[in-house]
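What follows is calculated from the coordinates using simple rules that are stated; it is not laboratory data. These numbers were taken from a predicted model, which means no experiment stands behind them.
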Amino acid sequence: MDGMDRNERLNREAESLWRALSAEPPPRGLRGARLLDAALHLKTVGPYDRLHSPHLRASQITRPR
């Protein structure tokens with residue numbers, strides 16, 4: 001490992017995500033999971049098809065009825 005504990009790694013990832021999604025600096029006082037939660041609310045999530053695959057045709061995917 002790189003010597004970072006879980007909380008520091010989470011904080012680094014949250015800050016990186018915030019910078020990727022916003023031109024503004026992260027809110028003061030938010031770190032780790034709270035900053036990650038705030039970053040995830042910056043953008044709206046579009047429709048997501050969990051069964052989409054570039055390797056399968058739509059006819060090869062069986063969905064529940």
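Taking 0.36 nm per residue of sequence separation and removing the Cα-Cα distance, the D37/A20 pair yields an extension gain of 4.7 nm. Taking every alpha-carbon pair in region 6-60 and binning the separations at 5 Å intervals from zero gives 4, 18, 22, 14, 10, 11, 9, 7, 3, 1 percent.
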